[in-house]
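The values are calculated or read from the model by the stated rules, or taken from the named source; none is laboratory data. Being a predicted model, the structure only gives us computed values, none of them experimental. Here Cβ is always computed from backbone atoms with ideal geometry, including for glycine, and neighbour counts include all displayed protein chains. These accessible areas exclude ligands, DNA and RNA; they are computed on the full protein's heavy atoms, side chains included. Shrake-Rupley method; radii C 1.70, N 1.55, O 1.52, S 1.80 Å.
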Amino acid sequence: MAIAAYNSQFLVASKPSVPFVNEMLTDVGDHKTYVIANSTKRYLDRDVPVIVETSSDGTTWTPVSTGFTLYRVAARVVFDSPQDPTLQVRLASGAFYPFSQIGNAKSVEFTSKTNLEDSTTFNPTGAKFYTPTLLEGELKVDRFWLNHDRVKNLQERDLLIVSYVSPTGRRYEGYAYVSECNIKTEVSALIEEGLTFQLTDEFFKA
């Protein structure tokens, strides 16, 4: 089914982060994955320690440090195995990045790939073999008018979080650096700025 892209969004979050306490997480339904209830705090500062706590009654909270993985992009706690359906989970402390929408964006492109290393050895079929290694991703956005903050981000090597939100609500997001900034000026057209964000550390697609 064709989907119109006009109501897509492109979001950017950057420092400084804002501290928080006792932010509740919500079970997505599998009793393993818990996401932050307040979506405005979904991007966590990777340089600030996060304390995860659980409770069976909502009154007594216990810090936990094993048996789960914390994903700071999209603020998710994913346990190694299903938990009791009555378990409550929260982030007792941490910090989040505020975010805002980039205006005047006209196109966004998300590219991800798995790097493959040639692992071919002598074999009777004459076929090549590859071993998947590292994941990497990239977001490109074209926009009208200049954003001098993004040029500054490039020059100062600032760490950002970028997110493309599709019309159906799917997200492609992660920590990123501005790796390219291309400015195009024509006498008969609007000034355009092309930005390339190289994702780093972790990125999330859902």
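Can you name the residue in region 113-169 that is basic (Lys, Arg) and exposed (fewer than 12 other Cβ atoms within 10 Å of the Cβ) and, of all such residues, is modelled with the highest pLDDT?
Lys128
Just to be sure, is Leu25 hydrophobic (A, V, I, L, M, F, W, C), modelled with pLDDT under 95 and either within 20 Å of the chain's Cα centre (by Cα) or open to solvent by less than 50 Å² (accessible area, probe 1.4 Å) (or both)?
Answer is no for this residue.
Could you tell me how many of the residues in region 76-103 are outside any loop (DSSP other than H, G, I, E, B) and either of a type outside the set (Val, Ile, Thr) or open to solvent by 60 Å² or more (accessible area, probe 1.4 Å) (or both)?
13
Which residues, counting only those in region 170-205, are open to solvent by 70 Å² or more (accessible area, probe 1.4 Å) and within 20 Å of Arg46 (Cβ to Cβ)?
Keep residues of region 170-205 that are open to solvent by 70 Å² or more (accessible area, probe 1.4 Å), which gives 170, 177, 180, 182-188, 190, 201, 205.
Passing the criteria: Tyr177, Asp201, Lys205.
Run down Val73, Val64 and say which single residue is surrounded by 13 or more Cβ atoms within 10 Å (Cβ to Cβ), closer than 21 Å to Ser100 by Cα and not aromatic (Phe, Trp, Tyr). Quick ask: steps written out before the conclusion?
Numbers: Val64 fails: closer than 21 Å to Ser100 by Cα.
It is Val73.
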